[in-house]
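Heads up: the structure comes next, in structure tokens.
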Amino acid sequence: MTTLELLPVQAFDTERWLREAGRENAWGYNTLGFFAPHAGHASAGARAAGADGVLREFKGMVRLLHEAGIQVVLDVVYNHTAEEGLGGPTTSLRGIDGAGRYRWSDTDTYYDTTGCGNTVDTSVTATADLVLDSLRYWAREVQVDGFRFDLMASLARDADHVFDPEHPLLERIRNHPDLQDTLVIAEPWDVGPDGWRTGSFGARTLEWNDGFRDTVRKFWLEDIADERRRGAPDAGIGALAGALTGSRHLFGAERGPLSGVNFVTAHDGFTLHDLVSFDAKHNEANGEENRDGSNDNRSFNHGIEGDTADRGVRAARGRSMRNLMATVLLSAGVPMITAGDERSRTQNGNNNAYVVSDDLTPVDWSDDEDAESMTEAMAALTRLRAAHPALRPSRFGVPGQTTPSASRMTWYGPDGQAMTAEGWDQPIHRALQYFVESTPEHEPYDRVLVVVHGSGRTRDLTLPTREDVFAYRLAWSSEKHRDHDRHRPAGTGFTAYGPGIHVFEVV
């Protein structure tokens, strides 16, 4: 792991309706001040020393993480303030220039693209200056390495509230000398009209790839559930292949695969464990009668809702978790993992735990067989990714050409022959073999075969025969019983027992 992305740590407030209910916003997506770390996250000693003590402790944390070789990225919320809708508290920009700092509709109400009551108007130069000055402060004075922008589509709307990929604020963030070495990561959507903008943010910007998330969840969970319940899924393997290779359809040749941040879970939504354990959200603890949180989870409980002692169900869930995380870590792009997923952390089916974090979100470090097994799998996958540059291209290749820093991809069907057109899209064909190799001018020259089988049925496959390959060695498999390190000559058979991913190194 190279980078730690924190949830919002700029000073924030709890919404008034939550305070009146005796609750607290624990996630921080409700900014009060753009230039101060949140005192509530500091130690008691730092808080006792006042604002300087809180800032000093935060800077010390950043310094220690840097010493450990870990970058620090802040999740920043500039799209709205904690002042809610009209009639909300006056604690920030409303008290300075409420008429000029927020977006307004034609009916003299706030134009809200955030779902939080107000939207900061970054088409106003003074407001854009404030955002830029805040970013420069955290980068220069606190020495953080980058920013993940909450609802960045809202920051890129013009004076008419229309999304502009060349918005002046975006251009200033990309080009300001004080921010040239920082990571810029977009949550590339908001809740306003035409707000889903994944793939639209251009040079120097990484984007959370929600299309990757949805595709991978559907393939390994929703489709497997459909196969069990109806006898067949409704889609083949083509969409997953696009995700594995970096979502070129979204980011294009000019930007490359490293523009996409690949993930299957984030702070909002199910944890990895809950994604394979619940068919529906269970947010009753939030006090909103289970109305909050997404209903589009693409999850699969494997036959039993919630916790179970059934060993067969638990084994199937473990395999699904390994399949999901293997797809994240073996795909081209930037992988992102939610803290605790490597320990099979559960929130008991809550997919919006922003007000119950103390009870549900801490990572449990106690001895647990399932948690240790998942940690071992994650460690093996990260080692594989680090060992194989072919899995980490920074550019998309051009057919028929050698592209530096790209990887060459060859696709085979379950019979070891070149993939056919029908093999991509028909639901009955859910197996592929993905041979990926780095370009020869890069040392060390690297080759890997990734075998994907997306069905609950057992299937016999034939490993591809190639002139440049004598044999393959099974380096990792989501099927725990597999005999790793065994050499298999090219052209020999390999049996997939249910849904799984298998990684072969070329001998």
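Only one of the listed residues (GLU372, GLU376) is under 21 Å from the mean Cα position of the chain (by Cα), under 17 Å from SER478 (Cβ atoms) and charged (D, E, K, R). That residue is GLU376. So, ARG136, is that one open to solvent by 50 Å² or more (accessible area, probe 1.4 Å) and within 15 Å of VAL124 (Cα to Cα) or not? Here the answer is no, as ARG136 does not meet what is asked. Would you call HIS273 in a loop (DSSP other than H, G, I, E, B), in contact (Cβ under 8 Å) with a residue 40 or more places away in the chain and out of contact with any strand residue (DSSP E or B) (no Cβ under 8 Å at 6 or more places or on another chain)? Spelling it out, it is not the case that HIS273 is in a loop (DSSP other than H, G, I, E, B), in contact (Cβ under 8 Å) with a residue 40 or more places away in the chain and out of contact with any strand residue (DSSP E or B) (no Cβ under 8 Å at 6 or more places or on another chain).
Looking at GLY349, GLY306, GLY340, which one is within 25 Å of VAL261 (Cβ to Cβ), open to solvent by less than 40 Å² (accessible area, probe 1.4 Å), in contact with a Ser or Thr (Cβ under 9 Å, 6 or more places away or on another chain) and not hydrophobic (A, V, I, L, M, F, W, C)?
One residue alone meets the criteria, GLY340.
Note on region 415-451: among residues that are hydrophobic (A, V, I, L, M, F, W, C) and at pLDDT below 90, the one that is most open to solvent (accessible area, probe 1.4 Å) is ILE428. Condition first: part of a loop (DSSP other than H, G, I, E, B), closer than 19 Å to HIS267 by Cα and of a type outside the set (Ser, Thr, Tyr). Can you find one or more residues in region 88-110 that meet it? No, there is no match, as no residue in region 88-110 is part of a loop (DSSP other than H, G, I, E, B), closer than 19 Å to HIS267 by Cα and of a type outside the set (Ser, Thr, Tyr). Figure legend. Inter-residue proximity from region 464-487: first residues in contact (Cβ under 8 Å) with a residue 24 or more places away in the chain, second residues in a loop (DSSP other than H, G, I, E, B) and open to solvent by 10 Å² or more (accessible area, probe 1.4 Å), beta-carbon distance below 6 Å, spacing 6+ or different chains. Indicated pairs: THR465/ALA490; THR465/GLY491; VAL469/ALA490; ALA471/VAL507; ARG473/VAL507; LEU474/HIS484; LEU474/ARG486. For the structure I just gave you, tell me whether GLU57 is over 19 Å from TYR137 (Cα atoms), of a type in the set (Asp, Glu) and open to solvent by 30 Å² or more (accessible area, probe 1.4 Å). The answer is no for GLU57.
Note on region 60-87: residues that are under 20 Å from ALA26 (Cβ atoms), open to solvent by 20 Å² or more (accessible area, probe 1.4 Å) and in a loop (DSSP other than H, G, I, E, B) amount to 1. Within this structure, ASP358 fails the test of being open to solvent by 10 Å² or more (accessible area, probe 1.4 Å), under 14 Å from LEU272 (Cα atoms) and of a type outside the set (Val, Ile, Thr). Checking region 393-406 against the condition returns no match, with no residue being part of a strand (DSSP E or B) and either surrounded by 14 or more Cβ atoms within 10 Å (Cβ to Cβ) or out of contact with any strand residue (DSSP E or B) (no Cβ under 6 Å at 6 or more places or on another chain) (or both). Could you list, in sequence order, all residues of region 28-54 that are surrounded by 18 or more Cβ atoms within 10 Å (Cβ to Cβ) and in a loop (DSSP other than H, G, I, E, B)? Scanning region 28-54 gives GLY28, TYR29, ASN30, LEU32, PHE34, HIS38, ALA42. Looking across region 411-426, the residues that are at negative phi, part of a loop (DSSP other than H, G, I, E, B) and touching a strand residue (DSSP E or B) at 6+ places or on another chain (Cβ under 6 Å) come down to PRO414, ASP415, MET419.
The residues on offer are ASP358, ASP292, and the sole one that is touching a residue at least 24 places away in the same chain (Cβ under 8 Å) and not in a loop (DSSP other than H, G, I, E, B) is ASP358. Of everything listed in (1) surrounded by 13 or more Cβ atoms within 10 Å (Cβ to Cβ); (2) part of a helix (DSSP H, G or I); (3) within 21 Å of the chain's Cα centre (by Cα); (4) not charged (D, E, K, R), the single unmet condition for ALA316 is (3). For region 427-504, the strands (runs of 3 or more DSSP E) that sit wholly inside it and include 1 or more residues that are out of contact with any His (no Cβ under 8 Å at 6 or more places or on another chain), under 30 Å from PRO399 (Cβ atoms) and not aromatic (Phe, Trp, Tyr) are 431-438, 447-453, 458-462, 487-489.
Pairs are defined by a Cβ separation below 6 Å, a sequence spacing of at least 6 or placement on different chains, a first member in region 390-415 that is within 26 Å of LEU463 (Cα to Cα), and a second member that is surrounded by fewer than 20 Cβ atoms within 10 Å (Cβ to Cβ) and aromatic (Phe, Trp, Tyr); no pair meets this definition.
Of all residues in region 233-257, those that are within 15 Å of PRO335 (Cβ to Cβ) and open to solvent by 10 Å² or more (accessible area, probe 1.4 Å) have Cβ atoms under 7 Å from Cβ atoms of residues that are at pLDDT 95 or above and small (Gly, Ala, Ser), 6 or more apart or on another chain, in THR245/ALA332.
Out of curiosity, is LEU93 surrounded by 14 or more Cβ atoms within 10 Å (Cβ to Cβ), of a type outside the set (Gly, Ala, Ser), in contact with a helix residue (DSSP H, G or I) (Cβ under 6 Å, 6 or more places away or on another chain) and within 30 Å of ASP160 (Cβ to Cβ)? Taking the combined requirement at face value, the residue satisfies it.
The values are calculated or read from the model by the stated rules, or taken from the named source; none is laboratory data. These numbers were taken from a predicted model, which means no experiment stands behind them. Please note: Cβ atoms are built from the backbone with ideal geometry, for glycine as well, and neighbour counts cover all protein chains shown. Side chains are part of the model used for accessible areas, which takes the heavy atoms of the whole protein and leaves out ligands, DNA and RNA. Shrake-Rupley method; radii C 1.70, N 1.55, O 1.52, S 1.80 Å.
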